[in-house]
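To start, the structure itself, in structure tokens.
Derivation of every value follows stated rules applied to the coordinates shown; laboratory data play no part. Quantities reported herein were computed from a predicted structural model and do not represent experimental measurements. In this analysis, Cβ positions are derived from the backbone assuming ideal geometry, glycine residues included, and neighbour counts consider all displayed protein chains.
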Amino acid sequence: MANTYSKFYIQIVFSVKGRQSLIHKTWREELYNYICGIVNKSKQKVYAIGGVSDHIHILISFNPNQSISDLVRDIKANSTKWINDKQFVIGKFQWQEGFGAFSYAQSQLNYVSNYINNQEQHHTIKSFKNEFMELLNRFEIDYDEKYLFDWIE
């Protein structure tokens, strides 16, 4: 719509199915670049992308020309196909169902970007499960723990 202006900053978080440690360091950056291409084609902008072997975080400025759910669906579907076509894992790669999406103010972008860019170091101290539940609690999102993810401990 003409003369409509908006900018939303969203951190998207999702994990590998069963939280398996399948995203190997040798191809992780290539995956991030591929995902950035998907986001850019959707007319969104990536500010930071990072993670560890079992999950990723993506900080984007979100233009409401599509839903967040549709964007995440596209990211997951296309990156799954790409990973499987490249045969980066033995067997079939899949992302877990669902995702987290958390909004931030522009003044918080540096903090959130640093947090995302330092995931390796961050997860030497805190598990993904604890991290994700803290995000849900901080943003006061109601949830039933049995439906969060298929946790493998």
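Each of [x] 50, 35, 28; [y] 62, 38, 33; [z] 43, 36, 25 is a candidate for Cα extents along the principal axes in Å; the one calculated from this structure is [x]. Selection among 89, 12, 51 by position relative to the dipole of the chain gives 89 as farthest towards the positive end (Cβ unit charges, Cα centre). Taking the Cα of residue 92, stepping 7 Å toward and past its beta carbon, and measuring to each backbone N in segment 5-37: which are under 19 Å? Taking a point 7 Å out along Cα→Cβ of residue 92, the residues of segment 5-37 whose backbone N falls under 19 Å are 15-23. Excluding same-chain neighbours fewer than eight residues apart, the lysines reachable from residue 41 by a Cα-Cα span under 28 Å are 7, 17, 25, 76, 81, 86, 92. Counted residue by residue at 0.36 nm each, then reduced by the alpha carbon distance between them, the extension gain from residue 129 to residue 5 reaches 41.0 nm. When the helix-only estimate is applied to the chain (DSSP H runs of n ≥ 4, each -39,500 (n - 2.57), divided by the residue count), what is the mean residue ellipticity at 222 nm, nearest 500 deg cm²/dmol? Using -39500 (n - 2.57) per qualifying helix, the result is -12000 deg cm²/dmol.
Here the relative contact order of the chain, from alpha carbon pairs under 8 Å that lie six or more residues apart, stands at 34 percent. On the beta carbon distance between residue 80 and residue 138, with R0 = 25 Å, the FRET formula returns roughly 0.30.
Ranked by the mean number of other Cβ atoms within 10 Å per residue, highest first, peptides 142-148, 91-97 order as 91-97, 142-148. Computed about its Cα centre, the charge dipole of the chain is approximately 500 debye, with only Lys, Arg, Asp and Glu carrying charge at their Cβ. Taking amide H as placed 1.01 Å from N in the peptide plane, residue 57 has its amide H under 5 Å from the amide H of 50, 51, each at least 5 places away in sequence or on another chain.
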